[in-house]
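One structure below.
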Amino acid sequence: MPRNTSAWPDLCILLAACGLLASALFAFDRLFGAGALILFLCLVFFLRERHLKRERDLDAYFRDVVSNIKPVTNYAMERLPVAILIVDEEGRLQWSNAELAARIAPAPHPEHGTPVTNFWPEMILKPIWGMTGEYVFHDKETAYRAEYRPIPLDSGELLMAFYVTDVTDLEQMRAELAAGQTVLAYIQIDNYDEALQTLVEAERSTLASTITNMLDSWAKELGFLIQRLNEEKYVAVMERRALDQAIESKFDILDRVHSLLGANKLPVTLSFGVVTVEQQTVHDTARQALKTLELALARGGDQAAVCIDGKTQFFGGKAPAVEKHTRVKVRVVAHSLREQIEAAGEIFIMGHKNEDFDALGAAMGVARMALYSKKPVHIVLSDTNEGIDKFTELLAGHQEYGPLFIHENALEGEIIGQKALLIVVDTHIPHMVASPKLLNAVPRRIIIDHHRRSEAVIESPQLSYIEPSTSSTSELVSELTTYYAEDLKLTRFDATALYAGIVVDTKHFGVQTGVRTLEAAAYLRRAGADPVMVRQLFREDYATNLALAQALAAATLYKGGLIVTSCREPKPNIQAIAAQAADNMLYIEEVRMSIVIFQMTPDVVGISARAVGELNVQVIMEEFGGGGHQNVAGAQIKNGNIDEIEARAVELAQKYIEENG
């Protein structure tokens with residue numbers, strides 16, 4: 001490049017000085033002055049010519065550089081080891097560099113407007129149109145990272161530039177690291193005492209040894225370590241690849257072990273608590289694995305609860321929860337409950353929104369225990385509880401029960417004492433309680449429930465008594481009253497409410513009815529429960545029966561034994577109508593699962609689901625944020641579209657039936 005291109009202005013100053021000196025010399029001596037002036041003019045001419053030549057050389061240099069910029073740029077773009085694509089809004093290729101042609105065979109032609117999805121079907125276009133960012137997509141066995149930028153044109157049209165790099169090696173390394181991630185699992189025989197009861201020592205040893213051998217064989221199949229901790233618990237350490245295989249097989253070890261029968265013909269069931277090791281310490285991982293195992297057990301056992309990246313998935317859960325024959329836990333819980341009640345200043349009791357007779361009966365049973373301990377007590381009802389209106393109106397006429405019930409809106413502005421105790425019955429899910437504000441206002445809480453535990457649970461309870469093997473919360477509370485105090489007496493209304501709760505949840509003792517259910521019913525009858533009153537409470541008016549008939553008439557039967565119907569308009573007592581419709585549809589020949597979708601309120605859609613055999617509707621309802629039992633479950637969705645929810649419910653149910661037979 002030519003140098004000193006800016007010297008001419010400086011030379012002009014120097015030449016001006018020389019011209020002045022030559023002029024001064026000419027004034028003193030004309031001969032020497034004339035020679036100096038001639039020399040000065042020659043110098044000016046020479047320097048001027050040199051300056052013009054430099055300018056011509058510089059201009060030629062710049063012209064040469066400019067003329068080569070475009071070829072150099074094009075060469076760099078064509079030889080850049082990144083595929084560059086410019087795409088229009090329809091997803092058609094407008095321009096690409098040579099690297100794209102080298103990666104794709106046959107090479108796409110931008111002049112033909114080839115759709116990008118023709119050669120990269122997995123490439124994302126519409127969801128990211130007009131944005132800046134990056135993502136990874138796959139084409140066969142190759143992984144690509146696509147960085148994208150918008151290109152606005154003067155015409156107002158918008159194009160997108162994609163810079164695509166092959167990152168297969170990086171993704172393979174990442175996948176290998178993920179596959180080697182450490183996983184900790186606790187495994188428990190969740191019905192150990194029941195499965196081995198009445199067996200002689202030799203039979204117990206044989207059955208226990210068979211279970212251990214099956215687990216060892218399964219561990220060898222998947223390539224992980226398992227160690228027995230005690231008679232009924234094991235610990236396993238594995239890699240993520242082994243866990244992925246177990247998930248792919250849907251933890252088939254559960255079915256293998258479940259097929260074992262001892263001499264007493266009772267099946268054996270396992271529960272798993274599995275956690276992937278993220279950034280937490282080993283100690284924290286072990287604690288989380290134990291909590292996950294407790295969650296699986298609280299849901300009835302015979303399942304694996306797997307926590308990956310903070311999200312819990314459930315596998316198995318086909319077997320019904322096994323009824324416990326011992327009452328030791330009931331006695332311990334009753335003793336602890338009495339201590340908590342007697343230490344409290346005031347007691348609040350509530351169930352779930354839109355209470356049914358199980359929630360009401362359980363609440364009245366707990367209230368009777370609090371009254372026995374001479375504590376001020378209130379049963380808090382939600383604003384929508386049409387299903388129990390008959391009974392609460394009947395109780396309002398009795399002096400003892402009049403002040404017992406208060407509605408959620410009556411709590412506005414009320415000061416809750418620091419020693420207040422809140423007892424939640426028939427639910428354990430925070431957003432489903434009758435008064436979420438009261439739940440947040442009272443830090444001391446107790447949970448009594450019979451539904452399989454959901455991942456969403458009321459935090460930090462003083463006492464949690466969740467028994468999915470029982471028929472109803474009313475059954476649990478009935479048993480607790482027998483151990484709370486020897487001289488505690490239920491009134492006729494208390495016993496009738498508890499009895500009604502059991503009748504509702506067992507469908508008149510037709511489902512989920514065990515020995516202890518019948519014993520609780522007998523105890524309540526002796527305490528004065530009135531079956532005639534219960535039958536009167538369950539009577540329905542003409543409008544309800546008409547709505548039920550319309551729901552049944554609108555039902556659609558699907559392949560696999562699934563039947564679905566919907567109630568699209570909010571009606572009084574719609575939740576009870578939906579539940580009854582779901583129950584009735586199970587009596588249809590070949591029906592194995594029934595689902596009713598209904599408009600509970602203008603902004604809430606409800607689902608009532610039922611199943612028979614080993615089908616588990618709870619796992620389907622959990623997809624909608626609900627829960628329940630294996631054969632009886634439901635959900636409530638705020639601001640949902642009933643058509644979309646029905647389509648989603650049918651899709652999930654059909655997929656579940658197809659996978660589980």
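The values are calculated or read from the model by the stated rules, or taken from the named source; none is laboratory data. These numbers were taken from a predicted model, which means no experiment stands behind them. All Cβ positions, even for glycine, are placed from backbone atoms using ideal geometry, and neighbour counts span all protein chains on display. To get the accessible areas, we keep the full protein, side chains included, count just its heavy atoms, and leave off ligands, DNA and RNA. Shrake-Rupley method; radii C 1.70, N 1.55, O 1.52, S 1.80 Å.
Quick notes on this one:
- Under 28 Å from the Cα of residue 140 - lysines, other chains or at least 8 residues apart: 126, 250, 655
- Alpha-carbon centroid distance for the pair region 606-641 / region 519-577, whole angstrom: 17 Å
- Region 233-315: antiparallel DSSP beta bridges as a percent of all, rounded to 5: 55 percent
- Spatial separation of Cα centroids for region 185-215 and region 278-315, in angstrom: 23 Å
- DSSP beta bridges in the chain [antiparallel fraction, %, rounded to 5]: 70 percent
- For the residues 28, 315, 509, a 1.4 Å probe over the protein chains yields an accessible-area ranking, largest first, of 28, 509, 315.
- Share, in percent, of DSSP beta bridges within region 477-629 that are antiparallel, nearest 5: 65 percent
- The listed residues 574, 38 rank as 38, 574 when sorted by accessible area, largest first, using a 1.4 Å probe.
- Rounded to the nearest 10 Å², the accessible area of residue 12 at probe 1.4 Å: 50 Å²
- By definition, a body whose alpha carbon gyration tensor gives a ≥ b ≥ c is prolate when a/c is 1.5 or more and a/b is larger than b/c, and the chain fits this prolate description.
- Computed extension gain for residue 43 through residue 460, at 0.36 nm per residue and net of the alpha carbon distance, reaches 140.2 nm.
- Rounded to the nearest 20 debye, dipole of region 93-161 from Cβ charges on Lys, Arg, Asp, Glu: 120 debye
- Of the complete DSSP H runs in the chain, those spanning 20 angstrom or more by Cα along the long axis with a mean Kyte-Doolittle score not below -1.0 are 8-28, 30-79, 201-222, 282-298, 328-343, 357-372, 492-506, 642-660.
- Shape category assigned to region 575-620 from the gyration tensor of Cα positions, a/c cut at 1.5: oblate
- Neighbourhood charge, 9 Å Cβ-Cβ cut-off, centred on residue 633 and excluding it, Lys, Arg +1 and Asp, Glu -1: +1
- Gyration tensor (alpha-carbon) shape descriptor, region 365-425, a/c threshold 1.5: oblate
- Computing FRET efficiency as 1/(1 + (r/R0)^6) for residue 258 and residue 552, where r is the C-beta to C-beta distance and R0 is 41 Å, gives about 0.70.
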